[in-house]
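Structure first, then comments.
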Amino acid sequence: MILNPIDPSKAIIHRERILTALGGGMPPPVTVGLDISNRCGHRCVWCLYERYKREKPLLMPEALAHKAVREMAEAGVLAVCFSGGGEPGMNPALGRVILACRQAGLSASLNTNGERLRELGEQSLAALSYVRVSLDAGSAETHRRLHRPAEDCFERILDDVAWACAARRTTVGIGFLAHPLNYREFAPLAQRAGRLGCAYLQVRPVKGMPLDGPMKAELFAEIEQVRRKLPVVVYESFTKMEDTIAGRRNFERCVMNRLVSNIGPDGCVYACCELRGVAPIGDIGRSSFKDIWFSEEHRRALEGLDLGKCPACKYAKGNEIIERVFVRDELHRDFL
Ligand code: SF4
């Protein structure tokens, strides 16, 4: 049996925090995205944060990042995700901040375009629970067309992925956003990932750039082949993401925004990563993360949120599952 770490139902592991949130309280967030860079050397055709990055093309000052780490640990956060708004590796302090997370008792993960992966060094790599490299292509040509890097880097990134896998210090996965230009390159990429020793590939659809029916059927046939023949696990998130992308909201209230948060490179704190750049709930340059998170203003801001205005949200499935398990008791929880 394969356990899928990308499965949104894992939110229910955090039962106590969920029950606090459902009761109207504010639990400490489980995961916080720390955007230590809004800069990126790539211009991916699907980038969702282009405007936010353009408006705030910042790197988080290292002292502010360390303050954030200390205060997140004090507030009871469990894990810090380095994934955006731009490329975390653009901030030269990334490796040191990852180590600071570990020293503060926080787990850390990195989602990266891979351009500066090796600059992390083995010590920081070992401090990560996982690293996921968004490659989204099986050839340099397609990588160039979709990621639009300043200069060709596909082979160099794969060299660095090989280095990270060989170091055997963390779980290394590859991200693949399936697009009409790349869907036939999933299998070649999976072959290379398998040879390098990557633990998994994650395949997801792209918001606003869907595969048509025959393309999707071809991709799914490739996924099945890869699953049968290669020593690499494939996590496929189409069903989860397609509901989300289509704007299907199968929940009444958002609990996930009491389990996650996001801090921008200027120190602004947001209700969730989907609302980056929109209505910050505080600024860690002025107050502590703990004071902001547990403030009355934050609680009121969440209660006043109009979910109808939220973007297609990656936490939608988590919210749906929480409601079905904890509110509607569809699992009949007391009958094991
Ligand atoms: S975008 Fe809206 S629904 Fe999604 S987690 Fe944020 S507040 Fe909740």
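For the stretch 300-336, the residues whose amide N sits under 13 Å from a probe point set 7 Å from the Cα of residue 26 along the beta carbon direction are 300-304.
One-quarter of the Cα convex hull surface for the stretch 1-56, in nm²?
Average projection, Cα convex hull of the stretch 1-56: 6.9 nm².
Of the residues 135, 305, 59, the one that moves most in a GNM of the chain with alpha-carbon contacts below 10 Å is 305. What shape does the stretch 126-263 take by its C-alpha gyration tensor, where a ≥ b ≥ c are the square roots of the eigenvalues and a/c under 1.5 counts as rounded, a/b above b/c as prolate, and the rest as oblate? Oblate, because a/c is 1.5 or more while a/b does not exceed b/c. With an a/c value of 1.5 or above and a/b not larger than b/c for the gyration tensor axes a ≥ b ≥ c computed over the alpha-carbon atoms, the stretch 171-210 is described as oblate. Count the DSSP beta bridges whose two residues both fall in the stretch 191-336, then state the antiparallel fraction as a percent rounded to the nearest 5. Of those bridges, close to 50 percent are antiparallel. Structure remark: mean-square fluctuation, Gaussian network model of the chain, C-alpha springs under 10 Å; the largest value among 278, 32, 233 belongs to 278. Under Stokes-Einstein, with the Kirkwood radius over Cα pairs as Rh, the value for the stretch 150-195 at 10 °C and 1.306 mPa s is 133 µm²/s. In whole angstrom, how far apart do the alpha carbon centroids of the stretch 301-336 and the stretch 148-191 sit? Taking the Cα centre of each part, the stretch 301-336 and the stretch 148-191 sit 33 Å apart. Note on residue 216: lysines with a C-alpha under 27 Å away, same-chain residues under 8 apart excluded, are 10, 207, 229, 240, 314, 317. Could you check what % of the DSSP bridge pairs in the chain are antiparallel, to the nearest 5? If I count the DSSP bridges inside the chain, around 15 percent turn out antiparallel. Less than 5 angstrom separates the built amide H of residue 315 from none of the residues sequence-distant by 5 or more or on a different chain.
Pair-distance distribution P(r) for the chain, from all Cα-Cα distances in 20 Å bins starting at 0: 30, 61, 9 percent. Note on the stretch 250-336: the alpha carbon radius of gyration divided by the globular reference 2.2 N^0.38 Å gives 1.24. The overall shape of the stretch 32-168 is oblate: from the C-alpha gyration tensor, with semi-axes ordered a ≥ b ≥ c, the ratio a/c is 1.5 or greater and a/b is no larger than b/c. 3J(HN,Hα) along the stretch 266-276, derived from phi through the Karplus expression 6.51 cos²θ - 1.76 cosθ + 1.60 where θ = phi - 60°, amounts to 8, x, 5, 9, 10, 4, 6, 5, 5, 9, 3 Hz, with x in place of Gly and Pro.
None of the figures in this text is laboratory data; all of them are computed from the coordinates on show. Quick caveat: nothing in here was measured; it's all calculated off a predicted structure. Backbone-built Cβ (ideal geometry, glycine too); neighbour counts: all protein chains shown.
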